[in-house]
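Enquirer: First the structure, which I've put down as structure tokens, then a few questions once you've had a look.
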Amino acid sequence: MLEVAEKALVIVPTYNEKENIRALINAVLAQHEQIEMLIVDDNSPDGTSQIVDDIGRTNSRVHLLRRPGKMGLGTAYRDGFAWALARPEYELIFEMDADFSHDPTHIPQFLEAAKTADFVLGSRYLNGNVTIIDWPMSRLVLSYAANVYARIVTGLKLWDATGGFKCFHRRVLAAIDLNDVRSNGYAFQIEMSFRASRKGFKWVEIPIVFSDRTHGTSKMSKGIVREAILMVPRLRWWAMVGRL
């Protein structure tokens with residue numbers, strides 16, 4: 001899975017995830033002894049960062065990056081990527097949600113797939129099969145339609161371009177100008193995959209089972225949906241004019 005000298009880093013952005021974070025850390029670290037975690041917390045008023053800080057004092061595999069306020073998913077991942085790239089021991093760098101919608105037991109599948117791909121995407125819609133549990137039909141239709149839209153407009157042949165359970169080799173992130181990444185909501189996932197693909201990196205999708213959160217509240221908003229709708233044709237245009 002991982003070479004002896006290599007480590008994997010799982011980056012998890014958080015905002016008010018105190019009900020999930022301790023159990024999530026335990027579940028992720030149990031998947032492989034060379035996995036570490038970076039929690040990027042946006043000054044959660046519920047004390048999420050304090051829980052992580054307490055865990056990190058006794059577990060060297062857990063790291064905390066505190067940010068001054070709620071700054072968005074995309075900037076959280078960009079800050080987390082920069083943190084990881086500054087530390088050469090991390091060869092594989094994951095994106096993962098804090099609410100257990102991404103099942104940590106899928107991590108070994110990512111590690112295996114990363115042996116033959118530059119980046120790996122966990123797919124909820126691989127080959128047209130829907131593997132989502134407990135979503136209302138309205139959200140499922142919106143999500144599936146968003147992926148069809150992204151596939152048609154960008155030409156990116158991904159079944160789940162909006163999915164947020166991913167694993168990158170560090171060379172992929174190092175090749176992307178993270179300061180030029182414009183998306184900050186769920187469009188960030190489309191943009192990162194599109195940029196990596198344009199750089200010529202090889203990707204693979206693997207099936208995952210996605211479950212709706214049981215604690216906390218969803219961060220989805222109309223603004224996030226609007227950003228994704230507008231960003232997709234913008235990415236296609238940037239590619240056409242040679243900006244990417």
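Enquirer: Just checking, how many residues over the stretch 38-58 are assigned to a loop (DSSP other than H, G, I, E, B) and either surrounded by 19 or more Cβ atoms within 10 Å (Cβ to Cβ) or in contact with a helix residue (DSSP H, G or I) (Cβ under 8 Å, 6 or more places away or on another chain) (or both)?
Expert: 3
Enquirer: Within the set of pairs 6 or more residues apart or between chains, which connect a residue that is in contact (Cβ under 8 Å) with a residue 12 or more places away in the chain and within 27 Å of Ser211 (Cβ to Cβ) inside the stretch 82-98 to a residue that is among the small types (Gly, Ala, Ser) and in a helix (DSSP H, G or I) with Cβ atoms less than 6 Å apart?
Expert: Listed by first residue and then by second, the contacts come to Ile93/Ala84.
Enquirer: Another question, if that's okay. Just checking, how many residues over the stretch 89-138 are in a helix (DSSP H, G or I) and of a type in the set (D, E, K, R)?
Expert: So the answer is 1.
Residue by residue, here is whether (1) under 15 Å from Leu173 (Cβ atoms); (2) of a type outside the set (S, T, N, Q); (3) out of contact with any Cys (no Cβ under 9 Å at 6 or more places or on another chain) holds:
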residue: Arg87; (1), (2), (3): yes, yes, yes
residue: Phe94; (1), (2), (3): yes, yes, no
residue: Asp99; (1), (2), (3): no, yes, yes
residue: Glu112; (1), (2), (3): no, yes, yes
residue: Phe119; (1), (2), (3): yes, yes, no
residue: Ile133; (1), (2), (3): no, yes, yes
residue: Asn147; (1), (2), (3): no, no, yes
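Enquirer: Just the residues that are touching a residue at least 60 places away in the same chain (Cβ under 8 Å) and touching a strand residue (DSSP E or B) at 6+ places or on another chain (Cβ under 8 Å), please, taken from the stretch 59-81.
Expert: Hits for the stretch 59-81 are Leu73, Ala76, Tyr77, Gly80, Phe81.
Enquirer: In the stretch 170-184, is there at least one residue being crowded, with 21+ Cβ neighbours inside 10 Å, at pLDDT below 95 and within 20 Å of Leu230 (Cβ to Cβ)?
Expert: yes
Enquirer: Can you spot a residue in the stretch 199-206 that is at pLDDT below 95 and aliphatic (A, V, I, L, M)?
Expert: No - not one qualifying residue is present in the stretch 199-206.
Enquirer: Out of all the residues in the stretch 21-34, which are in contact (Cβ under 8 Å) with a residue 12 or more places away in the chain and either surrounded by 23 or more Cβ atoms within 10 Å (Cβ to Cβ) or assigned to a helix (DSSP H, G or I) (or both)?
Expert: Correct list: Ile21, Arg22, Ala23, Leu24, Ile25, Ala27, Val28, Leu29.
Enquirer: Out of all the residues in the stretch 138-180, which are without any contact (Cβ under 8 Å) to a residue 40 or more places away in the chain, among the small types (Gly, Ala, Ser) and farther than 20 Å from Pro233 by Cβ?
Expert: Answer for the stretch 138-180, where residues must be without any contact (Cβ under 8 Å) to a residue 40 or more places away in the chain, among the small types (Gly, Ala, Ser) and farther than 20 Å from Pro233 by Cβ: Ser138, Ala175.
Enquirer: Could you pull out the residue among Gly122, Gly163 that is surrounded by 19 or more Cβ atoms within 10 Å (Cβ to Cβ), in contact with a strand residue (DSSP E or B) (Cβ under 7 Å, 6 or more places away or on another chain), small (Gly, Ala, Ser) and at pLDDT 95 or above?
Expert: Gly122
The values are calculated or read from the model by the stated rules, or taken from the named source; none is laboratory data. Keep in mind that what you see is a predicted model, and the values were worked out from it rather than measured. Quick reminder, even Gly has a Cβ in these numbers, built from the backbone with ideal geometry, and neighbours come from all protein chains shown.
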